[in-house]
Structures are given as C-alpha cells and as structure tokens.
Amino acid sequence: MLEPATSTVMEVPALPLKDLGLHVVNTVGCGDVFVGAFAAYLALGASYKKSLIMASAAAGLNATRPETRGSPQRATLEATEQRSRNLGFAVRERKLP
C-alpha cells in the first residue's frame, strides 16, 4: 500500500498461521474481512500502518474458520496480532524515490 502523505510503500506479510499453531480451513471471505478491518481501524483513528497490519491479521484469522462470514472479535484480533508481532509479523516500509 502507498501511504500518500509520505510516499512510503508499506508491505505486510500473511499472518504466520503455522507459527501460531493455526491452519487454513477456508479462504472464502478473507478479502472482505481485510477491507472491513482496514476501514474499521481507519475509522477508529488508527494509522494506515496499524490498519494494514490489523487487516492482514483479521483476514488470516478468518481463513482458520470454516464459516464464510464473520470477522474475529476485536480482543481476539488484537491478541493474535500481538502474538504474531512477537514472531516477527510486521509491516515492511520503503520510501519511493
């Protein structure tokens, strides 16, 4: 994603499911969850960077569930993101020339 104010490109990896002891069950709806979580965190006043990492975490968690609807609860999402950060889950940034 390009952060327009600073011309910074931000890339976020997939949630490290295997390292968290989780596995993919169903990827249907993951894109929708990503967009919803990204928009929700922006609406809460989070930065683009924070919103991007939380959106990736939400989409990853969604893939671990058999149902195609329903995003993770905020507390679950934030706890998972924290555990993932301890495993090196982070946004990579680079400035455009």
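A short reminder: the numbers here are calculations on the coordinates, not readings from a lab. For clarity, every value in this text was computed on a predicted model and none was experimentally measured. A quick note on method: Cβ atoms are made from the backbone with ideal geometry, for glycine too, and the neighbour counts reach across all protein chains shown.
Values computed for the structure shown
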| item | result |
| --- | --- |
| Subset of segment 1-41 (residues that are part of a helix (DSSP H, G or I), closer than 23 Å to Leu87 by Cβ and of a type in the set (A, V, I, L, M)) | Leu20, Val33, Ala37 |
| Residue pairs meeting the criteria (Cβ under 8 Å; at least 6 apart or on separate chains; first surrounded by fewer than 11 Cβ atoms within 10 Å (Cβ to Cβ), in segment 63-91; second not in a helix (DSSP H, G or I)) | Pro66/Val25; Pro66/Asn26; Glu67/Asn26; Arg69/Gly29; Gly88/Pro16 |
| Some residue of segment 16-31 being at negative phi, of a type in the set (Asp, Glu) and free of Cβ contacts under 8 Å to residues at least 24 places away in the same chain | no |
| Some residue of segment 48-57 being surrounded by 13 or more Cβ atoms within 10 Å (Cβ to Cβ) and in a loop (DSSP other than H, G, I, E, B) | no |
| So Ala40, is it surrounded by 12 or more Cβ atoms within 10 Å (Cβ to Cβ) and within 20 Å of Ala90 (Cβ to Cβ) | no |
